[in-house]
Amino acid sequence: MSFTDMNMYLVISITILAGIGITLYFVGALITVASAFAEKHIAWGVACIIVLPLALLYCVLYWEQTQYQRKYIFSGLALLLGAFAILLSLKFV
């Protein structure tokens, strides 16, 4: 296997990892918006629609009410940070 093939497979793997992370975070944020509206936190629901990363803050502030959403948001964020860490480690190697 040549060096170019290894790089291609590495880029594909990191892209898939980041794509799954973004998808998990987005699904968790959508569930968070629905939960905010269901809990009558209309301002939070609208704010999370406008600025999607606020869903993470909402999950932290309402920790007990967002048990289901946290699984999606934090696992998606962990995958994104993992992909970013791999990219940073490859830059410095």
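Quick one: which of LEU57, LEU17, LEU30, LEU52 is within 17 Å of the chain's Cα centre (by Cα) and not in a helix (DSSP H, G or I)?
LEU52
State all residues of the stretch 14-40 that are farther than 19 Å from LEU88 by Cα and without any contact (Cβ under 8 Å) to a residue 12 or more places away in the chain; if no residue qualifies, say none.
Of everything in the stretch 14-40, those that are farther than 19 Å from LEU88 by Cα and without any contact (Cβ under 8 Å) to a residue 12 or more places away in the chain turn out to be LEU30, ALA34, PHE37, ALA38, LYS40.
Could you check, for the stretch 2-13, whether at least one of its residues is of a type in the set (S, T, N, Q), free of Cβ contacts under 8 Å to residues at least 12 places away in the same chain and not in a helix (DSSP H, G or I)?
yes
I'd like to check something: does the stretch 24-34 contain any residue that is in contact with a Leu (Cβ under 8 Å, 6 or more places away or on another chain), farther than 21 Å from VAL11 by Cα and of a type in the set (Gly, Ala, Ser)?
The answer is yes, given that some residue of the stretch 24-34 is in contact with a Leu (Cβ under 8 Å, 6 or more places away or on another chain), farther than 21 Å from VAL11 by Cα and of a type in the set (Gly, Ala, Ser).
How many residues does the stretch 33-49 contain that are of a type in the set (Lys, Arg) and in a helix (DSSP H, G or I)?
So the count comes out to 0.
Taken together, the values in this text are just the output of simple stated rules run on the coordinates, not laboratory data. Only a predicted model underlies this, so the values are computations on that prediction, with no experimental measurement involved. Positions of Cβ are backbone-derived with ideal geometry, glycine not excepted, and every protein chain shown enters the neighbour counts.
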